Amino acid sequence: MLKKNPILKFEIISTIFIIILGILLHFTFEWSNNNVLVGTFSPVNESVWEHLKLLFFPMLISTIILYFYARKTISNYLCAKVLGIILAISFTIIFFYTYTGIIGTNFAIIDIGSFFVAVILGQYVAYQKMQSNISCNNVIPIIILLVLYLSFLIFTFFPPHIGLFKDPITGMFGI
């Protein structure tokens, strides 16, 4: 099956890449001595918003790498990948606030597990969407990716003062 389907093979490799890079990104801001440039793509605190960077940036890199190959053979590639990214981000937010709302606290092992589930779920849904014959206009997914990218950039420095952006350890917002 994998020999006949190079996209499936890439999606499996990509999933592993996203998980490994996401784990590494968790530490890069601290490893860089709090370098502001590194903080634009790595979590600068322990807020839920900042941890979404662990999903978004590795998934974006993976999407860009395969785009140059897949755009000619998969008519809905970019729409499928953006759907996967949005799903992974949405799952993370919904799952975190649901389980912490029910039990009253968070546990690192559950948070890490939900990261793995979010990546796998996003990649799986994107792959399934790529199997459909539905084509899409690439303008909308490009706009969505740009809005997400700019949101991560802007909210690193100027986050809204709501729970999603609040570091639960320090009580601070942003960098």
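Dividing the C-alpha radius of gyration of the chain by 2.2 N^0.38 Å, with N its residue count, gives 1.06. Note: relative contact order over the chain, using C-alpha pairs below 8 Å and six or more positions apart, is 28 percent. Fewest-first ordering of 79, 136 by other beta carbons within 10 Å of each residue's beta carbon gives 136, 79. Relative to the longest principal axis of the Cα atoms of the chain, the long axis of helix 139-157 lies at roughly 20 degrees. The angle between the Cα long axis of helix 108-130 and the main principal axis of the chain comes to about 20°, on a 0 to 90 degree scale. Note that region 92-142 carries a Kirkwood radius of 13.2 Å, evaluated over its alpha carbons pair by pair. Close Lys pairs in the chain (alpha-carbon distance under 23 Å; sequence gap of 8 or more, or different chains): 14. From helices alone, the chain scores -23500 deg cm²/dmol at 222 nm; the rule is -39500 (n - 2.57) for each run of n ≥ 4 DSSP H residues, then divide by the residue total.
The ranking of 56, 27 from fewest to most other beta carbons within 10 Å of each one's beta carbon is 27, 56.
Residues in region 91-96 carry Karplus couplings, in order, of 4, 4, 5, 5, 5, 4 Hz; the curve used is 6.51 cos²θ - 1.76 cosθ + 1.60 with θ = phi - 60°, and Gly or Pro positions show x.
Every read-out reported here was derived from the displayed coordinates using simple, explicitly stated rules and does not represent laboratory data. For clarity, every value in this text was computed on a predicted model and none was experimentally measured. A quick note on method: Cβ atoms are made from the backbone with ideal geometry, for glycine too, and the neighbour counts reach across all protein chains shown.
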